[in-house]
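The values are calculated or read from the model by the stated rules, or taken from the named source; none is laboratory data. In this text the structure is predicted, and so the values were computed from the model without any measurement. Every residue, glycine among them, receives a Cβ derived from its backbone with ideal geometry; neighbour counts consider all protein chains shown.
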Amino acid sequence: MEILSISIDKEALKQLVQVQKRLGYKSRSKMLRSAVMSLVKDYEVLESLHGNVESIFVLAYKDTEKNNVSDLIHKFKDAIETDVHHHHPGTGIDILTLHTTAGRTREFFSLMKRNKSIYSVNYFIVK
């Protein structure tokens, strides 16, 4: 097994340890391997798509970052058929239905996943 070194700030490490305990992982390494494999699976599913795709995305983000997230979403206004927004204290949630090409769906996922304001990106392929 290869060894990777990562840098993480104190607050993120604190959250990581809390999640590790809640999920019952015996080590941070096992938990991080699981997280990496989850990302790899997301990538593989999206890479396997061809043609036109119907999908549903659920985004959760800091409510104070709504404008930033809205600007990102706006770049895909041609692909978005439905956008439902919900406020929860401190958190904004958008549920989006997209109908676009497989490439554009991958682009959307990648852009949302990389954005530091977004807590989580979940998707479902309806196709």
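Residues that are surrounded by 10 or more Cβ atoms within 10 Å (Cβ to Cβ), at pLDDT 95 or above, among the small types (Gly, Ala, Ser) and not in a strand (DSSP E or B) within segment 51-97 comprise just one, 79.
What number of residues within segment 98-125 satisfy the criterion of being closer than 19 Å to residue 50 by Cα, aliphatic (A, V, I, L, M) and surrounded by 16 or more Cβ atoms within 10 Å (Cβ to Cβ)? Within segment 98-125, residues that are closer than 19 Å to residue 50 by Cα, aliphatic (A, V, I, L, M) and surrounded by 16 or more Cβ atoms within 10 Å (Cβ to Cβ) number 2.
Within segment 48-63, residues that are touching a residue at least 40 places away in the same chain (Cβ under 8 Å) sit with their Cβ atoms under 9 Å from residues that are of a type in the set (Asp, Glu), at 6+ positions apart or across chains, in these pairs: 54/81; 57/94; 58/94; 59/94; 60/94; 61/94.
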